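Structure record follows, encoded as structure tokens.
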């Protein structure tokens, strides 16, 4: 009698990457449906060239036509810049004092449990944590996951590590991670993002990886019967992030007590302090200024999130996850939420500092090259977000679009691009005018000066 054929067991490779988008989350129809006219529209980020060639050198060329206006404009830029930077400094100090006061407070016992519904939400609260990586060293990734395992709310965390298909030794890395952290959280998964999963226009980077990873995580929650949008938050982070021990405890408290929990995004202050004392002066200076600008501008004026941010899973699904055609997942996500809500998205601060890695290299040349590469990436990313904002302008509420566009241009166009350089152009113009006047007033002094 013939023996029944044994069921084929999944391969070792298949057993590692068990989490992938399935069902309704398996196809990103919106991003695969490309219209022909999308290839011929204007690149609106070219409007930022106005700042490069007109606004920044304005004191130099406008002096030819109207010296009085050049002087007034220089004073205006100087005083406006001083005012904005003063506001930034005060808000940064206020945020740092708040963090110092509450960083060690417990939040679990402050979650309301007065009604049956409140007790259900408090008992079933869970946090989906998505960490996307590519070629980062295992020591760096493990250091970040260790900070998650040290959370006071680690038993509520569902951690999903999103690796790229092209990651070197991706299967071995995934196996090591699952073996080390399988019992450290409520659930732990590793995904492998295939190249151009969302279509031919998908751009390699965190945005496309996050889109795939988050869809895979939601699929797994649905299969386990744990997809409860009323008590689930989501967090996007990098592989070089060190969280404060009570980050998710505070996030859970804010999520369950905020009346607009499904319409806001939470941003923790980022401090680029990984071996900061070993970095060159320009890396240290930029790291400090980035932290100050986040606390002084990005969070209080609801401009955009940065690197590590949290949100309700309900809002993520309403916004159709992440846009795989762009590379800056943090800035583009703010606009995605605006489309879903049809209004400005409020950014709330989590008073729990997060340490993030600055640019680094093994030599001064590598330090400078890495710093230049990152600066170039940030510039391209900000410009492409501006293009996305203008192209999708009809999908926003009119007042929300006007308000967001104004603050985006003020921050990225004026504060970051033209504030310092326009002031420098004013000083150069002042020096040239003085030199010209000295030459006209004392023309006979030149031969004597040179013997």
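The values are calculated or read from the model by the stated rules, or taken from the named source; none is laboratory data. Not measured: the values here are computed from a predicted model. Heads up, the Cβs are rebuilt from the backbone with ideal geometry, glycines too, and the neighbour counts pull from every protein chain shown.
Restricting attention to the range 179-194, which residues are in contact with a helix residue (DSSP H, G or I) (Cβ under 9 Å, 6 or more places away or on another chain) and surrounded by fewer than 17 Cβ atoms within 10 Å (Cβ to Cβ)?
Correct list: 180, 186, 194.
Evaluate the following for residue 84: is it surrounded by 16 or more Cβ atoms within 10 Å (Cβ to Cβ) and in a helix (DSSP H, G or I)?
In short, yes.
Just to check your reading of the model, which residue among 317, 355 is at pLDDT 90 or above, touching a strand residue (DSSP E or B) at 6+ places or on another chain (Cβ under 7 Å), outside any loop (DSSP other than H, G, I, E, B) and in the same structural domain as residue 269 (by TED's automatic domain parsing)?
355
Suppose we filter 405, 426, 381 for residues that are at pLDDT below 80, touching a helix residue (DSSP H, G or I) at 6+ places or on another chain (Cβ under 9 Å) and farther than 28 Å from residue 65 by Cα; which single one remains?
381
Surrounded by 12 or more Cβ atoms within 10 Å (Cβ to Cβ) and at pLDDT below 55, is that true of residue 13?
So residue 13 fits the description; yes.
Assigned by TED's automatic domain parsing to the domain that holds residue 241 and touching a strand residue (DSSP E or B) at 6+ places or on another chain (Cβ under 6 Å): is that true of residue 348 in this structure?
When the stated conditions are applied, residue 348 passes them.
So which residues in the range 94-111 are surrounded by 15 or more Cβ atoms within 10 Å (Cβ to Cβ) and in a helix (DSSP H, G or I)?
Matches in the range 94-111: 95, 96, 99, 108.
Looking only at the range 39-66, count how many residues are surrounded by 12 or more Cβ atoms within 10 Å (Cβ to Cβ) and closer than 14 Å to residue 425 by Cα.
Residues flagged as surrounded by 12 or more Cβ atoms within 10 Å (Cβ to Cβ) and closer than 14 Å to residue 425 by Cα within the range 39-66 amount to 12.
Determine if the range 112-133 includes at least one residue that is under 26 Å from the mean Cα position of the chain (by Cα) and over 28 Å from residue 257 (Cα atoms).
Within the range 112-133, one or more residues are under 26 Å from the mean Cα position of the chain (by Cα) and over 28 Å from residue 257 (Cα atoms).
Let me spell it out: the conditions are (1) touching a helix residue (DSSP H, G or I) at 6+ places or on another chain (Cβ under 7 Å); (2) in the same structural domain as residue 288 (by TED's automatic domain parsing); (3) crowded, with 17+ Cβ neighbours inside 10 Å, and residue 138 meets all of them except one. Which number is the exception?
Tallying (1) touching a helix residue (DSSP H, G or I) at 6+ places or on another chain (Cβ under 7 Å); (2) in the same structural domain as residue 288 (by TED's automatic domain parsing); (3) crowded, with 17+ Cβ neighbours inside 10 Å, residue 138 fails exactly one: (3).
Among the candidates 148, 128, 121, which residue alone is at pLDDT 95 or above, in contact with a helix residue (DSSP H, G or I) (Cβ under 6 Å, 6 or more places away or on another chain), in the same structural domain as residue 354 (by TED's automatic domain parsing) and part of a helix (DSSP H, G or I)?
The unique qualifying residue is 121.
Output the qualifying pairs, or none if there are none: Cβ atoms under 8 angstrom, residues six or more apart or on different chains, first residue in the range 371-382 and under 15 Å from residue 203 (Cβ atoms), second residue part of a helix (DSSP H, G or I).
The qualifying pairs are 381/331.
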